[in-house]
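Engineer: For reference, the structure I am asking about is given below.
The values are calculated or read from the model by the stated rules, or taken from the named source; none is laboratory data. Because the structure is predicted, anything quoted here is derived from the model rather than measured. Cβ atoms come from the backbone with ideal geometry, glycine included; neighbour counts cover every protein chain shown.
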Amino acid sequence: MRSCKRMAVASVFAAGLLVLWSCKGKSSGQQAAPNPPAEPTWTATRVAVVEKMNVPESVVVDPDTGMAYVSNVEGGPGLAWAADGKAFISRLKPGGELDALRWKDSSRQALLNAPKGLCIFKGNLYAADISRVVSFPLGTASPSKPVTFPPGRRYNDMAADGEAVYVSDTAAGKVIRADEKGHRPVKAPQSVNGITFFKGRMFGVSWGLHEVYELDAKGKAEPKPFGLAKHFSSLDGIELLDDGTFIVSDYAANKVCTISPDRKTVRTLVKVETPADIGLDRKRGLLYVPEFEHQRVVVYKLQKK
Ligand SMILES: [Ca+2]
Ligand SMILES: [Ca+2]
């Protein structure tokens, strides 16, 4: 018994030494390298909520005035593509205060059914309205004669590159480019939704393939996928920040994400319900997010930190 006890005491003592030795070994070893400073990332802070919207789909900001335009489909579930003669476009003051709820309302003379993507080109606001593209002068002294598009199947988003206007046709899986001289198709992925331009390059997202692509505005090359489909559910809008960061809205996953300029890293920027086609106010660093199924537009301040 006694010897057993002595042995037990000795082994506890030895174990204690071992612990002391191993602790010492750790503290006297090489210092761990300090973590490199984290790369600054984009953050979004909610600064305004615009209520009274009615199925808002898209926001575009006029860079000359800071006024924001919102397309409102106006119609309950199942009427997103209905030619019901009910729809309107709202105008917001810079920062998001409601200026005119029905800045343009559907009328017999100027029918609106279910307007979605918006863009501004040479003094006119363009809206994709199911099979048509309609336009409204923005009030500048001399808006140019609007460009015209052939009938489409399900026109969705719009973009302009300074020379021409583009509309995506989600049902046809193509984009149409139109200028004063005429129109022609641009190769696009199946169920193409949001489209945008950045420094002369064209990008788009596919709703059904949940992938991001670089497109060839000249219409020749096949769309180049980013290889990020596993991150997304149903992509709607796409914009680029001045540093080349992509912002995409994932409608079904209730989130707006950033994609790093090298097209590799996806981060959730904000969780937000049913985000449709987002708009950017570059001058004020604002992101407008229409919540399609929640009758409001949420405005965020973007900051890199
Ligand atoms: Ca409608
Ligand atoms: Ca859209």
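Engineer: Which residues, counting only those in the range 81-107, are surrounded by 17 or more Cβ atoms within 10 Å (Cβ to Cβ), small (Gly, Ala, Ser) and within 16 Å of ligand 1 (Cβ to nearest atom)?
Structural biologist: ALA87, SER90, SER106
Engineer: Could you list, in sequence order, the residues of the range 200-223 that are in contact with a strand residue (DSSP E or B) (Cβ under 8 Å, 6 or more places away or on another chain) and at positive phi?
Structural biologist: HIS210, GLY219
Engineer: Anything in the range 56-74 that is within 16 Å of ligand 2 (Cβ to nearest atom), assigned to a loop (DSSP other than H, G, I, E, B) and either surrounded by fewer than 18 Cβ atoms within 10 Å (Cβ to Cβ) or among the hydroxyl-bearing types (Ser, Thr, Tyr) (or both)? List them, or say none.
Structural biologist: Once the filter is applied, which keeps residues that are within 16 Å of ligand 2 (Cβ to nearest atom), assigned to a loop (DSSP other than H, G, I, E, B) and either surrounded by fewer than 18 Cβ atoms within 10 Å (Cβ to Cβ) or among the hydroxyl-bearing types (Ser, Thr, Tyr) (or both), the range 56-74 yields nothing.
Engineer: When the range 139-153 is examined, which residues are found to be surrounded by fewer than 18 Cβ atoms within 10 Å (Cβ to Cβ) and in contact with a strand residue (DSSP E or B) (Cβ under 6 Å, 6 or more places away or on another chain)?
Structural biologist: Listed by number, the residues that qualify are PRO143, ARG153.
Engineer: I would also like to ask the following. Take the residues in the range 199-215 that are buried (at least 17 other Cβ atoms within 10 Å of the Cβ) and of a type outside the set (A, V, I, L, M); name whichever of them is farthest from GLY244 (Cα to Cα).
Structural biologist: Out of the qualifying residues, it is TRP207.
Engineer: Return yes when LYS271 is more than 16 Å from ligand 1 (Cβ to nearest atom), at pLDDT 95 or above and basic (Lys, Arg) and no when it is not.
Structural biologist: It is true that LYS271 is more than 16 Å from ligand 1 (Cβ to nearest atom), at pLDDT 95 or above and basic (Lys, Arg).
Engineer: How many residues are part of a loop (DSSP other than H, G, I, E, B), more than 17 Å from THR170 (Cβ to Cβ) and under 23 Å from the mean Cα position of the chain (by Cα) when one looks only at the range 76-90?
Structural biologist: To start, the set of residues in the range 76-90 that are part of a loop (DSSP other than H, G, I, E, B) comprises 76-87.
Narrowing further to those that are more than 17 Å from THR170 (Cβ to Cβ): 76-77, 84-87.
Right, trim to under 23 Å from the mean Cα position of the chain (by Cα) and you get 77, 87.
Qualifying residue count, the range 76-90: 2.
Engineer: Something else now. How many residues are within 16 Å of ligand 2 (Cβ to nearest atom) and in a strand (DSSP E or B) when one looks only at the range 203-231?
Structural biologist: Residues flagged as within 16 Å of ligand 2 (Cβ to nearest atom) and in a strand (DSSP E or B) within the range 203-231 amount to 8.
A quick yes/no check of all residues on (1) of a type outside the set (Ser, Thr, Tyr); (2) away from ligand 2 (no atom under 16 Å from the Cβ); (3) assigned to a strand (DSSP E or B):
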{"residue": "SER233", "(1), (2), (3)": "no, no, no"}
{"residue": "ILE238", "(1), (2), (3)": "yes, no, yes"}
{"residue": "ASP242", "(1), (2), (3)": "yes, yes, no"}
{"residue": "VAL248", "(1), (2), (3)": "yes, no, yes"}
{"residue": "ALA252", "(1), (2), (3)": "yes, no, no"}
{"residue": "VAL256", "(1), (2), (3)": "yes, no, yes"}
{"residue": "ASP262", "(1), (2), (3)": "yes, yes, no"}
{"residue": "ARG267", "(1), (2), (3)": "yes, yes, yes"}
{"residue": "VAL270", "(1), (2), (3)": "yes, yes, yes"}
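Engineer: Hey, another quick one. Inside the range 233-254, can you point out the residues that are surrounded by fewer than 19 Cβ atoms within 10 Å (Cβ to Cβ) and touching a Leu at 6+ places or on another chain (Cβ under 8 Å)?
Structural biologist: Residue satisfying the conditions is LEU241 alone.
Engineer: When only residues in the range 44-53 that are more than 10 Å from PRO290 (Cα to Cα) and assigned to a loop (DSSP other than H, G, I, E, B) count, which is farthest from ligand 1 (Cβ to nearest atom)?
Structural biologist: Within the range 44-53, the match that is farthest from ligand 1 (Cβ to nearest atom) is GLU51.
Engineer: May I ask you to say which residue of ALA80, ALA48 is of a type in the set (A, V, I, L, M) and away from ligand 2 (no atom under 16 Å from the Cβ)?
Structural biologist: ALA48 is the lone residue from the list that is of a type in the set (A, V, I, L, M) and away from ligand 2 (no atom under 16 Å from the Cβ).
Engineer: Which of the residues that make up the range 275-290 are surrounded by 20 or more Cβ atoms within 10 Å (Cβ to Cβ), in a loop (DSSP other than H, G, I, E, B) and away from ligand 1 (no atom under 16 Å from the Cβ)?
Structural biologist: Residue satisfying the conditions is ILE278 alone.
Engineer: If the Cβ limit is 9 Å and pairs must be 6+ apart or interchain, which residue in the range 238-255 that is under 14 Å from PHE197 (Cα atoms) and touching a residue at least 40 places away in the same chain (Cβ under 8 Å) pairs with which residue that is among the acidic types (Asp, Glu) and assigned to a strand (DSSP E or B)?
Structural biologist: ILE238/ASP157; ILE238/ASP277; PHE246/GLU239; ILE247/GLU239; VAL248/ASP236; VAL248/GLU239
Engineer: Hey, another quick one. Determine whether the range 95-105 contains at least one residue that is modelled with pLDDT of 95 or more, in a loop (DSSP other than H, G, I, E, B), touching a Pro at 6+ places or on another chain (Cβ under 7 Å) and closer than 27 Å to LEU138 by Cβ.
Structural biologist: Checked against the condition, which is being modelled with pLDDT of 95 or more, in a loop (DSSP other than H, G, I, E, B), touching a Pro at 6+ places or on another chain (Cβ under 7 Å) and closer than 27 Å to LEU138 by Cβ, the range 95-105 yields no hits at all.
Engineer: Looking at the range 107-124, which of its residues are assigned to a strand (DSSP E or B), within 16 Å of ligand 2 (Cβ to nearest atom) and either more than 17 Å from the chain's Cα centre (by Cα) or closer than 19 Å to GLY76 by Cα (or both)? I'd like the intermediate steps shown before the answer.
Structural biologist: So in the range 107-124, the residues assigned to a strand (DSSP E or B) come out as 115-121, 124.
Those left that are additionally within 16 Å of ligand 2 (Cβ to nearest atom): 115-119.
Matches in the range 107-124: PRO115, LYS116, GLY117.
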